[in-house]
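Student: Handing you a structure now.
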Amino acid sequence: MKVRGVIFDVGGTLIWSNHDKFEEACAWFAVNAFRSHGFRGDSGALWRELLAVRRDFSKEGLSYRQIHTTRWAIGEVAARHKLTLENELLEEIENAFVTPEAHGSVALPGICELIWWLAGRVKLELVSNTRSHLLVEKTLEHLGVREVFDLLVTSTSCGWRKPSPHIFQRVLDAWGLPADQIVMIGDSPTKDSAGAKALGMRTIWLSLDAPETSSPADAEAHTPLDIPGMLSLWGVAN
C-alpha cells in the first residue's frame with residue numbers, strides 16, 4: 001500500500017531530547033515579560049514560583065488527558081500575584097517562556113534533509129506531547145521546516161497525549177486517508193509506535209536518541225539517514 005502521509009514526533013525524533021535543561025532560562029524570559037507589563041515584585045521569587053508550578057503539577061491525567069500547560073502555569077502564578085492577564089498577554093508571556101528552548105533546539109543529523117525530501121511527495125504532519133503548542137511552532141520555525149507541515153497536532157491543542165488514540169485520530173480525520181497509508185516516525189516505542197499501530201498506521205522507531213532497547217514498530221531506523229530507503233520500499237516515490 002502506497003505511503004501518502006508521514007507523521008513525525010518532536011523530542012528525540014526531530015531534535016535531541018533536552019530533558020528540561022532550558023527551563024531556568026525559560027522562566028527568566030517569562031519574568032522579563034511580566035516586568036515589561038508592570039510587575040514590580042521580587043523577580044527572583046517570581047522566577048522560583050514559575051519553576052515550581054511547572055515542576056510540581058502533573059501534565060498528564062487519566063486516560064492520557066493533557067491537564068496542565070505552560071500557559072496554565074503562567075496564569076496560575078499571575079493569579080497568586082493578583083494579576084489579571086487577558087489571553088493575548090498570556091500568549092505573549094508564554095511566547096517569551098518558550099523562546100530559549102525553541103532557539104536552543106538542535107536537529108538530529110539528517111532529519112531536516114529527510115523532511116525536505118518528503119515535502120511534495122507525501123502529506124506531512126507532526127504529533128507531539130508538549131505543555132506548549134507555541135514551543136512546537138517556534139521549534140519548527142527555528143529548524144526552518146515549519147512551512148512544509150500540513151498540520152501540527154499537539155497534546156495542548158487537542159487535549160490528549162500520546163499514546164491515546166484520540167490524538168492520532170485527529171490526523172486521520174484531517175487527512176481522510178486510510179491508516180495503513182500513514183507512517184508514524186518517533187523515538188518512543190510506547191507513545192509513538194504502539195499508539196499509532198493501535199489505529200493501523202505503519203511505524204518506524206528512530207532509536208538514535210531513545211533509551212529503550214526494543215519496539216513494536218514495523219521497522220527500526222538507527223539514524224534519520226536510514227528512513228528514505230524504508231519509505232521507498234513502502235511506496236514513497238524517489
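The values are calculated or read from the model by the stated rules, or taken from the named source; none is laboratory data. Since the structure is predicted, the reported quantities are computational estimates derived from the model, not experimental observations. Cβ placement follows ideal geometry from the backbone for every residue including glycine, while neighbour counts extend to all protein chains displayed.
Student: Kindly indicate the residue of segment 84-111 that is part of a loop (DSSP other than H, G, I, E, B) and under 16 Å from the mean Cα position of the chain (by Cα) and also farthest from SER132 (Cα to Cα) among those meeting that condition.
Tutor: Within segment 84-111, the match that is farthest from SER132 (Cα to Cα) is LEU108.
Student: Could you go through segment 160-181 and let me know if any residue there is among the basic types (Lys, Arg) and more than 21 Å from SER132 (Cβ to Cβ).
Tutor: Checked segment 160-181: no residue is among the basic types (Lys, Arg) and more than 21 Å from SER132 (Cβ to Cβ).
Student: Continuing with the same structure: Read through the list (1) crowded, with 19+ Cβ neighbours inside 10 Å; (2) touching a strand residue (DSSP E or B) at 6+ places or on another chain (Cβ under 8 Å), then give the number of the only condition that ARG71 fails.
Tutor: So the condition that ARG71 fails would be (2).
Student: Return yes or no: is ILE167 in contact with a Cys (Cβ under 6 Å, 6 or more places away or on another chain), among the hydrophobic types (A, V, I, L, M, F, W, C) and touching a residue at least 24 places away in the same chain (Cβ under 8 Å)?
Tutor: It is true that ILE167 is in contact with a Cys (Cβ under 6 Å, 6 or more places away or on another chain), among the hydrophobic types (A, V, I, L, M, F, W, C) and touching a residue at least 24 places away in the same chain (Cβ under 8 Å).
Student: Examine segment 141-156 for a residue that is outside the structural domain of GLY61 (by TED's automatic domain parsing), without any contact (Cβ under 8 Å) to a residue 12 or more places away in the chain, outside any loop (DSSP other than H, G, I, E, B) and surrounded by fewer than 23 Cβ atoms within 10 Å (Cβ to Cβ), and state whether such a residue exists.
Tutor: Taking every residue of segment 141-156 in turn, at least one turns out to be outside the structural domain of GLY61 (by TED's automatic domain parsing), without any contact (Cβ under 8 Å) to a residue 12 or more places away in the chain, outside any loop (DSSP other than H, G, I, E, B) and surrounded by fewer than 23 Cβ atoms within 10 Å (Cβ to Cβ).
Student: Given (1) surrounded by fewer than 23 Cβ atoms within 10 Å (Cβ to Cβ); (2) farther than 15 Å from VAL153 by Cα; (3) at pLDDT 95 or above; (4) not acidic (Asp, Glu), identify the lone condition not met by PRO211.
Tutor: Of everything listed in (1) surrounded by fewer than 23 Cβ atoms within 10 Å (Cβ to Cβ); (2) farther than 15 Å from VAL153 by Cα; (3) at pLDDT 95 or above; (4) not acidic (Asp, Glu), PRO211 misses just condition (3).
Student: In this structure, does ILE111 turn out to be under 24 Å from GLY229 (Cβ atoms), in contact with a helix residue (DSSP H, G or I) (Cβ under 8 Å, 6 or more places away or on another chain) and of a type outside the set (Asp, Glu)?
Tutor: yes
Student: Which condition from (1) out of contact with any Phe, Trp or Tyr (no Cβ under 6 Å at 6 or more places or on another chain); (2) in contact (Cβ under 8 Å) with a residue 60 or more places away in the chain is the one that ALA96 breaks?
Tutor: With (1) out of contact with any Phe, Trp or Tyr (no Cβ under 6 Å at 6 or more places or on another chain); (2) in contact (Cβ under 8 Å) with a residue 60 or more places away in the chain applied to ALA96, the lone miss is (1).
Student: Give ALA198, ALA217, ALA210, ALA221 a once-over and let me know the one that is under 18 Å from the mean Cα position of the chain (by Cα) and hydrophobic (A, V, I, L, M, F, W, C).
Tutor: Being under 18 Å from the mean Cα position of the chain (by Cα) and hydrophobic (A, V, I, L, M, F, W, C) holds for just one of ALA198, ALA217, ALA210, ALA221, which is ALA210.
Student: Also, I was wondering about something else. Please specify each residue of segment 190-236 satisfying the condition of being among the charged types (D, E, K, R), within 16 Å of ILE111 (Cα to Cα) and without any contact (Cβ under 8 Å) to a residue 60 or more places away in the chain.
Tutor: Residues satisfying the conditions are GLU220, ASP226.
Student: Test of understanding: among GLY176, GLY186, which residue is more than 21 Å from the chain's Cα centre (by Cα) and either crowded, with 21+ Cβ neighbours inside 10 Å or of a type outside the set (D, E, K, R) (or both)?
Tutor: After applying the criteria, what remains is GLY176.
Student: So MET1 ticks every box in (1) surrounded by 14 or more Cβ atoms within 10 Å (Cβ to Cβ); (2) farther than 30 Å from GLU86 by Cβ; (3) not basic (Lys, Arg) but one. Which box is left unticked?
Tutor: Going through (1) surrounded by 14 or more Cβ atoms within 10 Å (Cβ to Cβ); (2) farther than 30 Å from GLU86 by Cβ; (3) not basic (Lys, Arg) one by one, MET1 breaks only (1).
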